[in-house]
Amino acid sequence: MSDLTRLTATEIAGLVAAGETSAVEVTRAHLDRIAAVDDRVHAFLHVDSEGALAAAAEVDARRAAGEELGPLAGVPVAVKDVLTTKGVPTTVGSKILEGWRPPYDSTIVRRLREAGTVMLGKTNMDEFAMGSSTEYSAYGPTHNPWDLSRIPGGSGGGSAAALAAYEAPLAIGSDTGGSIRQPGAVTGTVGAKPTYGGTSRYGLVAFSSSLDTPGPCARTVLDAALLHEVIGGHDPRDSTSIPQPVPDVVAAAKRGATGDLTGVRLGIVSEFTGEGAEPGVLAAFRESVDALTKLGAEIVEVSCPNFKYALPAYYLIAPSECSSNLARFDGVRFGLRVGDDGNRSLEEVMSMTREVGFGPEVKRRIMIGTYALSSGYYDAYYGQAQKVRTLITRDFTAAFEQVDALISPTTPFVAFPVGARTSDPYQMYLADLFTIPTNLYGGPGISVPCGLSDGLPVGLQVMAPTMADDRMYRVAAALESAVGTFTPPAL
Ligand code: GLN
């Protein structure tokens, strides 16, 4: 059998279903690959070899018994450490949850298990999903398989790096401001943020509840769509979950793969002027626009005048929600507890635990958020940001009256060297300049590899109206059919 780790999820599932390989064989190949490269990549915080092999053996047994298996049965998947996994450590990249083994599975993880996918382990991330490089993980950075001296994006850099390093064919991420799409772009992989509420947040450790969206990561658009279909759909355990079926993303990806975009109108946002973006990124984007035109798409310019306020609005809304959400880490209920010697007050133990347990970026967000929500400042900061959010939503609504989807580069720059942006938070925040508007609106967005700049991957983002996730898959798959996929140098 050729190297099983090089296959797409679709190919693996086909081989398993046909009995040409077994889920156990596939899982072993990926565990071996992790053992061979992950000391250099550090995509994983926890590898669950035993659990993975047991799950794989169960899939093989069900197949042998003649049971019908789902479309991704036997395919390994890496899960961002922001989702709870029953009995398996879940740290959110933070010391404050070190040693915590959740008593329950998140809905996403439960659906993955029920679909017969095989969870390999938990992937590295910026602490509490706050960051764009995975350098804010309390457990050390992940390295980009394209160039180990560079970052893999963030906050879901572990999931994206696991794909690019062929440690897993599928992964799960979460996207609050770009944490699925931005790592996808800088690792040459596909990352999709579903419509907010299209995937369940039950068991997703909360950062900013009105923005957090779990979603699929893969090396091809079709694989991402298949994973999207498995994890998506209504969940009564999440009050913001949309009670509608998952848009037909798989059919859309297949349709897109035929390479025909005749009649599709795509908008380029005039306010995304390219200021601050690298020339190589803009060049790859322009070439992709030409490719999309050749496929039959009509390209028009669309004005979204409020997009320029998206970044500042996000950096008030997300920290505000985080300051409230992270209050639950009090040294009593979960994980770490510091200073509990029997003589200290509850308040002292809480404060000592939070001092040791949270890293500097998380503390910065809690402070900004607490300030923005405080009485006397609420209207000027949080209230104002919410109004901007409404204006941005109106920009999207107006844009989608003119075009089927919007396109942009996913990120202003390619993977940067480890350490290059950690001293200035604003430089780090800029990584999500193009992805954040979609989160504030709640619509779906996908990043698909579109070219290289100086040998490093560039991503193109497709943004669609809410619950029109299928549309973005169609466009992304069409582009992929024209430009192909991108393989990093051998590790
Ligand atoms: N980089 C953004 C932030 O730091 C987005 C993070 C995310 O999507 N989880 O908040």
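For first residues located in region 202-214 and farther than 22 Å from Lys86 by Cβ, partners that are within 8 Å of the ligand (Cβ to nearest atom) and open to solvent by 20 Å² or more (accessible area, probe 1.4 Å) and lie 6+ apart or on another chain with Cβ distances below 6 Å do not occur.
Residues in region 276-303 that are modelled with pLDDT of 95 or more and at positive phi: Gly296 alone. Out of all the residues in region 89-136, which are over 24 Å from Gln427 (Cβ atoms), of a type in the set (Asp, Glu) and either within 11 Å of the ligand (Cβ to nearest atom) or not in a loop (DSSP other than H, G, I, E, B) (or both)? Residue satisfying the conditions is Glu114 alone.
When Ser447, Ser408 are screened for being within 16 Å of the ligand (Cβ to nearest atom), polar (S, T, N, Q), touching a residue at least 12 places away in the same chain (Cβ under 8 Å) and open to solvent by less than 10 Å² (accessible area, probe 1.4 Å), only Ser447 passes. Looking only at residues in region 211-224 that are touching a Phe, Trp or Tyr at 6+ places or on another chain (Cβ under 8 Å) and part of a helix (DSSP H, G or I), the one that is nearest to the ligand (Cβ to nearest atom) is Ala224.
Among the conditions (1) in contact with a Cys (Cβ under 6 Å, 6 or more places away or on another chain); (2) assigned to a helix (DSSP H, G or I), the only one that Glu271 does not satisfy is (2). Scanning region 341-378 for residues that are farther than 16 Å from Cys322 by Cβ, touching a Leu at 6+ places or on another chain (Cβ under 8 Å) and of a type in the set (A, V, I, L, M) returns a single hit, Val356.
Within region 305-333, being more than 13 Å from the ligand (Cβ to nearest atom), within 17 Å of Gly178 (Cβ to Cβ) and either open to solvent by less than 30 Å² (accessible area, probe 1.4 Å) or hydroxyl-bearing (Ser, Thr, Tyr) (or both) holds for Phe307, Tyr309. Under 8 Å between Cβ atoms, which residue pairs at least 6 apart in sequence (or on different chains) link something in region 365-379 that is in a loop (DSSP other than H, G, I, E, B) with a partner that is more than 16 Å from the ligand (Cβ to nearest atom)? That search, which allows pairs on different chains as well, returns Tyr377/Tyr371. Can you pull out every residue in region 162-201 that is away from the ligand (no atom under 16 Å from the Cβ) and not in a loop (DSSP other than H, G, I, E, B)? Ala162, Leu163, Ala164, Leu170, Val190 - these are the residues of region 162-201 that are away from the ligand (no atom under 16 Å from the Cβ) and not in a loop (DSSP other than H, G, I, E, B).
Counting just the residues of region 230-245 that are small (Gly, Ala, Ser) and not in a strand (DSSP E or B), which one comes out surrounded by the most Cβ atoms within 10 Å (Cβ to Cβ)? That would be Ser241.
Just to check your reading of the model, which residue among Leu227, Leu204, Leu282, Leu266 is more than 16 Å from the ligand (Cβ to nearest atom) and surrounded by 24 or more Cβ atoms within 10 Å (Cβ to Cβ)? The conditions single out Leu227.
Quickly run through region 147-161 and pick out the residues that are over 16 Å from Ala218 (Cβ atoms) and more than 9 Å from the ligand (Cβ to nearest atom). Once the filter is applied, which keeps residues that are over 16 Å from Ala218 (Cβ atoms) and more than 9 Å from the ligand (Cβ to nearest atom), region 147-161 yields Asp147, Leu148, Ser149, Arg150, Ile151.
Restricting attention to region 29-65 and to residues that are more than 15 Å from Arg113 (Cα to Cα) and in a loop (DSSP other than H, G, I, E, B), the residue that is most open to solvent (accessible area, probe 1.4 Å) turns out to be Ala65.
Residue pairs whose Cβ atoms lie under 8 Å apart, sitting 6 or more positions apart in sequence or on different chains, and linking a residue in region 2-28 that is basic (Lys, Arg) to a partner that is open to solvent by less than 30 Å² (accessible area, probe 1.4 Å), are Arg6/Tyr166.
The values are calculated or read from the model by the stated rules, or taken from the named source; none is laboratory data. The structure displayed is predicted, hence computed values, not measured ones. Methodologically, a virtual Cβ is constructed for each residue, glycine included, from the backbone with ideal geometry; neighbour enumeration extends over all protein chains shown. Only protein heavy atoms, including side chains, enter the accessible area calculation; ligands, DNA and RNA are left aside. Shrake-Rupley method; radii C 1.70, N 1.55, O 1.52, S 1.80 Å.
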